[in-house]
1. Assuming R0 = 35 Å, what is the FRET efficiency of Thr14 and Phe105, from their Cβ-Cβ distance, to the nearest 0.05?
2. Of the heavy-atom accessible surface of the chain (probe 1.4 angstrom), what whole percent is carbon and sulfur?
3. Just to confirm, what accessible area per residue do you get for the chain at 1.4 Å probe, in whole Å²?
4. Springs between alpha-carbon atoms under 10 Å, Gaussian network over the chain: tell me which of Ser42, Ser85, Ser53 tops the mean-square fluctuations.
5. What dipole magnitude, in Debye to the nearest 20, does the chain give about its Cα centre under +1 on Lys/Arg Cβ and -1 on Asp/Glu Cβ?
6. In whole percent, what relative contact order does the stretch 49-114 give with Cα contacts below 8 Å and a gap of six or more residues?
7. Find the lysine pairs in the chain meeting two conditions, Cα atoms under 14 Å apart and a separation of 8 or more places or different chains, and report how many there are.
8. Considering Cα pairs under 8 angstrom that are at least six residues apart, work out the relative contact order of the chain and quote it in whole percent.
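The values are calculated or read from the model by the stated rules, or taken from the named source; none is laboratory data. As the structure is a computational prediction, the values presented were derived from the model and not from experiment. Quick reminder, even Gly has a Cβ in these numbers, built from the backbone with ideal geometry, and neighbours come from all protein chains shown. We work out accessible area using only protein heavy atoms, side chains counted, and drop any ligands, DNA or RNA first. Shrake-Rupley method; radii C 1.70, N 1.55, O 1.52, S 1.80 Å.
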Amino acid sequence: IGDVQVAAIKTDGTLWTWGYNPYGQLGNGTITNYSSPIQIGSLTNWKQIGGYSNQTAAIKTDGTLWTWGLNNTGQLGNGTTTNYSSPIQIGSLTNWKQVACGYKFTISISDGYI
């Protein structure tokens, strides 16, 4: 998903990440690098994931949007510039459909609108 980290959702809905992690972009609450997949939490309701370089974003099956990692320009979308090493929910909407990340931004579509 990024140039330094990888994320995947298994068919059972669990979220797995690995790779470079200086800003917590793997989402396991640390800034430790991992060369093998690690499960992020124990939830089984992850639906879609996107990422870029040092940030990650995902949507759960309940339609909520979650982000984590580098946030120096507010790219996580929670109104701060604080980095997060664990997933944080963005807003309270439950109709997010797709998410993608790019250089210092995250974009998501809800019910056909950006």
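1. Step by step, r from the Cβ atoms, then E = 0.80.
2. Carbon plus sulfur share of accessible area: 54 percent.
3. That works out to 50 Å² per residue.
4. Greatest mean-square fluctuation among the candidates belongs to Ser42.
5. It works out to roughly 20 debye.
6. Once divided by the residue count of the stretch 49-114, the mean separation gives 32 percent.
7. 5
8. Relative contact order of the chain: 22 percent.
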